[in-house]
Amino acid sequence: MNKEFTVKEFVDKYNSIATDNLKEKFIRDNLEIKNYIGFSEKCSLAKRIINVTTFEKDENGKDTGNIKVDSVSRYLLFTLSVIDKYTNINVDFKKVTEEYDELNSNGLIELFVGEKSIIPLKEYSELQTLLNMILDDTLQNNMSTQAFIQNQVTRFGTLVGITLSPIMNNIADNLNNMDEKTVEKLGKQIEKLMKKTKYTTV
């Protein structure tokens, strides 16, 4: 089994080699590539990336319940997660931008996710497909009127420091049985209530 590298260790070693032929030999001799990751592991990885890059965070880093898609961060996390999962290079996810710049400025991102990637294209494509499917599902499940009201009813109780009353619980439980006009009307009423208490819904 080949040794594990940090991003900086790998880049420094790669840059210290004088010729392209020797660099290619270094990669062949030292880079360990996984040819397959299980479907469940792919799904878990994709879900983590989507959760981190799809919901708004408060000042403490907790989800507010509001959708706020960050496509740039999703790209960075996806690219670096592929490298971390499929190679013996360990990415420091506390320094995502720095790790990406370290690799990209030295022409190494293309080595892993470009047209001539050494990571199997089938694996990369499947993981990307799962990521897009989970993103679509997350947006659909959280941006419908019913889901919006459900989230806001729960969030209102949390924000004002109270336990949801039986009436509010009953509203949340029966959203699926309401017709569209009733749901829309209820949504407007809850939004007004949130504004009166100085909490915004977006």
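Does L22 satisfy being loosely packed, with under 13 Cβ neighbours inside 10 Å and in the same structural domain as I134 (by TED's automatic domain parsing)? It is true that L22 is loosely packed, with under 13 Cβ neighbours inside 10 Å and in the same structural domain as I134 (by TED's automatic domain parsing). Restricting region 1-35 to residues that are of a type in the set (S, T, N, Q) and within 32 Å of the chain's Cα centre (by Cα), the residue that is modelled with the lowest pLDDT is N2. Give me the residue from region 107-149 that is at pLDDT below 75 and within 23 Å of the chain's Cα centre (by Cα) and, out of that set, surrounded by the most Cβ atoms within 10 Å (Cβ to Cβ). Checking each candidate, the answer is F148. Does S44 satisfy being under 20 Å from E123 (Cβ atoms), out of contact with any helix residue (DSSP H, G or I) (no Cβ under 8 Å at 6 or more places or on another chain) and assigned by TED's automatic domain parsing to the domain that holds L139? When the stated conditions are applied, S44 passes them.
The values are calculated or read from the model by the stated rules, or taken from the named source; none is laboratory data. All of these numbers come straight from a predicted model, not from anything done at the bench. Every residue, glycine as well, gets a Cβ built from its backbone with ideal geometry; the counts of neighbours run over all protein chains shown.
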